[in-house]
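Asker: Mind having a look at this structure? Questions to follow.
The values are calculated or read from the model by the stated rules, or taken from the named source; none is laboratory data. Everything numeric here is computed off the predicted structure, so don't read it as measured data. Ideal geometry is used to build each Cβ from the backbone, glycine not excepted, and the neighbour counts take in all protein chains shown. What goes into the accessible areas is simple: the full protein's heavy atoms, side chains included, and nothing from ligands, DNA or RNA. Shrake-Rupley method; radii C 1.70, N 1.55, O 1.52, S 1.80 Å.
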Amino acid sequence: MGNPLLDMTVTVDDAFLSKYNLKPNDAILAADTHIPMYDELQQKYSIQYVAGGATQNVMRTVQWIVKTPKVTTFMGCIGNDENGKTLSNAATSTGVNVQYQINPIHPTGTCAVLITGNNRSLCAYLAAAEKFTKSHLDEQFQYVQKALFYYISGFFLTVSPDSALAVGRHACSNNRPFTFNLSAPFIVQFFTDRLNELLPYIDILFGNESEARAFSAIQKWETEDVAEIAKKIVNLPKTNTQRSRIVVFTQGCDPVIVAEQGKAIQTFPVILLPTEDIKDTNGAGDAFVGGFLAQYIQGIPLSTCVQCGLWAAHKVIQQLGCTFPKNVNFKES
């Protein structure tokens, strides 16, 4: 489950970001002051529209790698409009089984993806996406019951925390892996209670260095060492004791950190691309998680899961948006 959004990918300058009080490498929800920005983008800039939304991107990445249709099922809310049809077509064309809730009043959500150099600033206008209701999950719960693995992004906690909890509890009671992504520092900072309620059900936690440090600050751990934060998180209370918790933190160009209860910290180096080969870092984190999960659901060792995640992110940042090159296949090195 997640927030399906149509990405509006645009190259802008620093002055544009400053005008709307946006940071070069950040992710936020649109406030009232940001609404005029969407009109300005459409009137003055050349926009590339790409299917987006963090969880949907992860599902699309998994499908791109495993190539078997309908390995993944995605739920979210879209509007009854052309943007919704575009999103649906993009997801189903990669093999995702979409089970959207259709809102007849609100438009499909959009996300301004503002590119400045190698940075991207995300500003999401959720619209219909934030109208998802637990009743839709209840009506489609057969898909939850059939699933063997579960993934939700932190952004969804702003919309339907009850739905996230229902899936987490179902996964726990059936001893099936429940995976989750912190997604953005503001999720940790402003939706702390919702995150803390869900945390005991999480088997694998994804995030980046900024989100890790935000989590540490909220917990008052007084450390910014990402490896140390990962070690502390794996030892937080957990409901399903049959599975040890795993924490996976990416750090941009720095090594990926993997922590697992009772085991030493592992680090995995990132293969750097020349700056001129990087087109868009938007979707890199989602691609990493999708690549990781594409191997994990097949019972592949964690080291290969991380390797595939890095490979997927490596491919996606050479594209515009979370899109995929054709005729490439992951091969373990």
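Asker: What share of all Cα pairs of segment 146-276, in percent, falls into each consecutive 10 Å distance bin?
Answerer: 13, 44, 33, 9, 1
Asker: With a 1.4 Å probe and all protein chains kept in place, how much accessible area does residue 234 have, in Å² rounded to the nearest 10?
Answerer: Surface accessible to solvent at residue 234 totals approximately 0 Å².
Asker: Residues with beta-carbon under 13 Å from that of residue 235, excluding residue 235: net charge, scoring Lys, Arg +1 and Asp, Glu -1?
Answerer: Neighbourhood net charge equals +3.
Asker: Here is a further query. Give the value in nm², to one decimal: projected area of the alpha carbon convex hull of segment 1-131, averaged over all directions. Please list the in-between numbers first.
Answerer: Numbers: hull surface 31.5 nm².
The directionally averaged projection comes out at 7.9 nm².
Asker: Heads up, I need the accessible area for residue 32: 1.4 angstrom probe, whole protein in place, Å², nearest 10.
Answerer: Accessible area, nearest 10 Å²: 140 Å².
Asker: Let me ask something else. Where both partners of a DSSP beta bridge lie in segment 191-308, what percent of those bridges are antiparallel, to the nearest 5? Let's see the in-between values first.
Answerer: Details: 8 of 13 bridges.
Here the share of antiparallel DSSP bridges comes out near 60 percent.
Asker: Next up: I want the antiparallel fraction of DSSP beta bridges within segment 1-118, as a percent rounded to 5.
Answerer: Restricted to segment 1-118, the bridges split so that about 30 percent are antiparallel.
Asker: Quick check for me: using +1 on Lys/Arg Cβ and -1 on Asp/Glu Cβ, what's the dipole size of segment 31-82 about its Cα centre, in debye to the nearest 20?
Answerer: Values: 4 positive and 5 negative charges, 101 e Å.
Dipole about the Cα centre, nearest 20: 480 debye.
Asker: Could you give the length gained on full extension between residue 244 and residue 277, defined as 0.36 nm per residue of separation minus the Cα-Cα distance, in nm?
Answerer: 8.0 nm
Asker: When the Cα atoms of segment 257-333 are enclosed in a convex hull and the volume is divided per residue, what value in Å³ results?
Answerer: Output value, Cα hull per residue: 104 Å³.
Asker: Across segment 20-68, how large is the tail of the calculated P(r) beyond 18 Å, expressed as a percent of all Cα pairs?
Answerer: Working: 645 of 1176 pairs.
Result for the distance tail: 55 percent.
Asker: Using a 1.4 angstrom probe, figure out how much accessible area segment 217-333 has per residue, in square angstrom, rounded to the nearest whole.
Answerer: 51
Asker: Give the accessible surface of segment 81-184 per residue, rounded to a whole number of Å², with probe radius 1.4 Å and ligands, DNA and RNA excluded.
Answerer: 38
Asker: If you scale each eigenvalue of the Cα gyration tensor by 5 and take the root, what three semi-axes come out for segment 34-95, rounded to whole angstrom and sorted largest first?
Answerer: Working from the Cα gyration tensor, I get semi-axes of 27, 12, 10 Å.
Asker: In addition: Bins of 20 Å, beginning at zero and ending with the bin holding the largest distance: percent of Cα pairs per bin for the chain, please.
Answerer: Calculated P(r), rounded to whole percents: 33, 62, 5.
Asker: With a 1.4 Å probe and all protein chains kept in place, how do 297, 271 rank by accessible area, largest first?
Answerer: Most to least solvent-accessible, the answer reads 271, 297.
Asker: Then there is this: For Cα pairs less than 8 Å apart in space and 6+ apart in sequence, what is the mean separation divided by the residue count of the chain, i.e. the relative contact order in percent?
Answerer: Value for the chain: 16 percent.
Asker: If you count the DSSP beta bridges with both ends in the chain, what percent of them are antiparallel, to the nearest 5?
Answerer: Looking only at bridges with both residues in the chain, the antiparallel portion is about 40 percent.
Asker: For segment 67-181, compute Rg over Rh where Rg is the Cα radius of gyration and Rh is the Kirkwood radius from the inverse mean 1/r over Cα pairs.
Answerer: Expressed as Rg/Rh, it is 0.98.
Asker: For segment 130-205, what is one quarter of the convex hull surface built on the Cα atoms, given in nm²?
Answerer: Mean orientational projected area (segment 130-205, Cα hull): 4.6 nm².
Asker: Given the C-alpha centroids of segment 61-131 and segment 267-318, what is the distance between them in whole angstrom?
Answerer: With segment 61-131 and segment 267-318 each reduced to a Cα centre, they are spaced 20 Å.
Asker: Roughly speaking, to the nearest percent, how much of the chain's 1.4 Å accessible area is carbon and sulfur? It would help to have the intermediate numbers written out before the result.
Answerer: Working: 7040 of 14660 Å².
Exposed carbon and sulfur together represent 48 percent of the surface.
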